[in-house]
Each structure stands twice: as C-alpha cells, then as structure tokens.
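Engineer: What follows is a single structure, and I will ask about it in a moment.
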Amino acid sequence: MQLITKEQLSILNRQNLKYPLAIAEKDYFLTIVSKIIFDSSIKNKLIFKGGTALHHVYLPQLRFSEDLDFSSNLKKIELNQLRDILNNYNFLEVKKEYTSSSTIKIEKLQYSGPLGQPNSLKIEVDYLQNVVLPPVEKNYHNFYGINTKVRVMDIREIMAEKIRAMSDR
C-alpha cells in the first residue's frame, strides 16, 4: 500500500478537513487501518461501531474520533490474528496490547506516516455487548481516495450504545 505524501495530506486537509495536520494524519491512518481490517480474513468476524463509525459511515465528517471500535460477540477473534494482520505493513507496529475475557485492546498501534513523526491510534474489540440489529455493509467515507466497505453496526444501535455509555459515567 502506497502512502500519500505530506504535501498531498496538507492539500487534502486544507481543502476538506481543516484539522491540525497531525489530526488529519491520524484520520488518514484510521482510514488505512479500517481498510486493512475489512480487506482481511477477519472482516466477517467484526462489526464496526463507535465514534469513528459514526464519523466516517453515517455522518458527513462532523466530528473526529481517534480510535477504532468493533464488536465480535458471535465470531470471536484472537489478538494474534489482529496483530499479524496489522504487522504485515511496514508503517504499522503494535506496541502495547492486552486481552481480557471481554475485550481485545491494542492501546498503541504506532504508525509512521507522511509527517515523519511516529504517532499511534487505538483499536478495541468488544466481546461482551450483544449486537441486536443486523450489521450493514456501508462505504467508509473519506477524502483520501481510499475505497473500502465496512461491516458496521446499525446507527440506531450505535446511538443506543452512546446513550448507555453516557448514563454509565
């Protein structure tokens, strides 16, 4: 996979996003990692959810989220499956991870991108929350020219999870 240049990132950001450039780079890598995951052998075991799903699938780029959240309650995946998929790319490296009976967390997926400074994002796969509504296949909207479809939680269920999370705080 060929990464865009700093100049390309800067132009796309200026024309479309207007984020600080480091945030635009993180958004770019959220897009790349989503594509990598949904082009992989585990794509049918994961359901994309959370703020990044809202931002890139359902809402027109209204908010920024800096992690990737998934459910995998029916077809469990192992941490090593996810790690092996991500570590196949020389610009990605899993630096900090852990598992529990309810989740897989990659707390630090380091990337080396167009800005030349290492940065990281987070990935969480939840086993506990039951997905009630059938997932749907949708386009992952972005300004980087990366075409990918994701298996995503129904927007009503994402919103219900957000409301539940607010009441738990």
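Engineer: For the chain, what's the relative contact order in percent, using C-alpha pairs closer than 8 Å and at least 6 residues apart?
Structural biologist: Reported as a whole number, the value is 25 percent.
Engineer: Between M159 and V136, what is 0.36 nm times their sequence separation minus the Cα-Cα distance? Round to one decimal in nm. Before the final figure, lay out each step's value.
Structural biologist: Values: separation 23, 0.36 × 23 = 8.28 nm, distance 1.51 nm.
Extra length available between M159 and V136 comes to 6.8 nm.
Engineer: Suppose every Lys and Arg Cβ carries +1 and every Asp and Glu Cβ carries -1, with no other charges. What dipole size does segment 6-168 come out with about its Cα centre, to the nearest 20 debye? Mind dumping the intermediate values first?
Structural biologist: Values: 23 positive and 19 negative charges, 38 e Å.
The calculated dipole for segment 6-168 is roughly 180 debye.
Engineer: Students often forget the sequence filter, so: which aspartates and glutamates lie under 16 Å Cα-Cα from K105 once same-chain residues fewer than 8 apart are removed?
Structural biologist: E66, D67, D69, E78, D84, E93, E97, E124, D126
Engineer: A further question on this structure: Calculate the spin-label point distance for S100 paired with R14, positioning each point 7 Å from the Cα along the beta-carbon direction, and give it in nanometres.
Structural biologist: 4.5 nm
Engineer: Please enumerate, by chain and number, the lysines with C-alpha under 27 Å from the C-alpha of K18, excluding those fewer than 8 residues away in the same chain.
Structural biologist: Those lysines meeting the cut-off are K6, K26, K35, K49, K108, K122, K138, K149, K162.
Engineer: If each of K108 and N88 carries a label point 7 Å out from its Cα toward its Cβ, how far apart are those two points in nm?
Structural biologist: Going from the K108 label point to the N88 one covers 2.6 nm.
Engineer: Now, a different point. Which parts of segment 103-142 would a label at K43 reach, counting a residue when its backbone N lies under 15 Å from a point 7 Å out along Cα-to-Cβ?
Structural biologist: 136-141
Engineer: If I model a spin label as a point 7 Å beyond the Cα along the Cα-Cβ vector, how far apart are those points for L59 and A22 in nm?
Structural biologist: My value for the distance between the label points is 2.4 nm.
Engineer: OK, next. Under 10 Å, Cα contacts only: if you run a Gaussian network model on the chain, which one of L79, L54, L133 comes out with the highest mean-square fluctuation?
Structural biologist: L133
Engineer: If r is the Cβ-Cβ distance from E7 to I146 and R0 is 25 Å, what FRET efficiency results, to the nearest 0.05?
Structural biologist: Details: r = 18 Å, r/R0 = 0.70.
Working from the Cβ atoms, E equals 0.90.
Rule-based calculations on the coordinates, nothing more; no lab input. What you see is a predicted model; the values in this text were computed from it and never measured. With ideal geometry, Cβ positions are generated from the backbone for all residues, glycine too; neighbour counts draw on all protein chains shown.
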